[in-house]
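**Q** Can you keep this structure in mind? I'll have questions shortly.
The values are calculated or read from the model by the stated rules, or taken from the named source; none is laboratory data. Computed from a predicted model, the values in this text were never measured in an experiment. Every residue, glycine among them, receives a Cβ derived from its backbone with ideal geometry; neighbour counts consider all protein chains shown.
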Amino acid sequence: MITCSDAVMRLWEYLDATVGQTEREEVEAHLSLCQRCCGELEFAVELRRLLAASGRKDIPADVLRRLNQTLNQTLNEPPNEPPNEPPNQSLNEPPNET
């Protein structure tokens, strides 16, 4: 499975349908499990829609700055990882300490 950073880096190519079949499947598999990256996808889709509707060729400096900040924060955040717990441990049992 690819990481959040990998998924976000491939997101625009995924939306442009310029990734290969394997990469597309990897991004889709990640999106099916990661709510944070689904939010990034929704943001990217909305941004594309707004830019296309605006008819402008240049992105305003403040929008570009916020976009870069968001992307940098996303790429620097740790991926969502499930906790390392034994699969059959009851919630009522104390954790195994090894």
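**Q** Collect the residues in region 24-53 that are among the acidic types (Asp, Glu) and over 19 Å from Leu71 (Cβ atoms), keeping them in residue-number order. Steps first, answer last, please.
**A** To start, the set of residues in region 24-53 that are among the acidic types (Asp, Glu) comprises 25-26, 28, 40, 42, 46.
Matches in region 24-53: Glu25, Glu26, Glu28.
**Q** Can you name the residue in region 57-84 that is surrounded by 10 or more Cβ atoms within 10 Å (Cβ to Cβ) and at pLDDT below 80 and, of all such residues, is farthest from Arg10 (Cα to Cα)? Give the steps one after another, and end with the answer.
**A** Quick first cut of region 57-84, residues surrounded by 10 or more Cβ atoms within 10 Å (Cβ to Cβ) only: 59-60, 63-72, 74-75, 77, 79-80.
Then keep just the ones that are at pLDDT below 80; that gives 59, 74-75, 77, 79-80.
Working: Ile59: 21, Thr74: 13, Leu75: 12, Glu77: 16, Pro79: 15, Asn80: 17 Å.
Restricting to residues being surrounded by 10 or more Cβ atoms within 10 Å (Cβ to Cβ) and at pLDDT below 80, the top hit is Ile59.
**Q** Filter region 17-54 down to residues that are small (Gly, Ala, Ser) and in a helix (DSSP H, G or I) and give me whichever is modelled with the lowest pLDDT. If you could, list the steps in order and put the result at the bottom.
**A** Quick first cut of region 17-54, residues small (Gly, Ala, Ser) only: 17, 20, 29, 32, 39, 44, 52-54.
From what is left, the residues that are in a helix (DSSP H, G or I) are 29, 32, 39, 44, 52-54.
Working: Ala29: 95, Ser32: 94, Gly39: 92, Ala44: 92, Ala52: 82, Ala53: 81, Ser54: 76.
Here the residue is Ser54.
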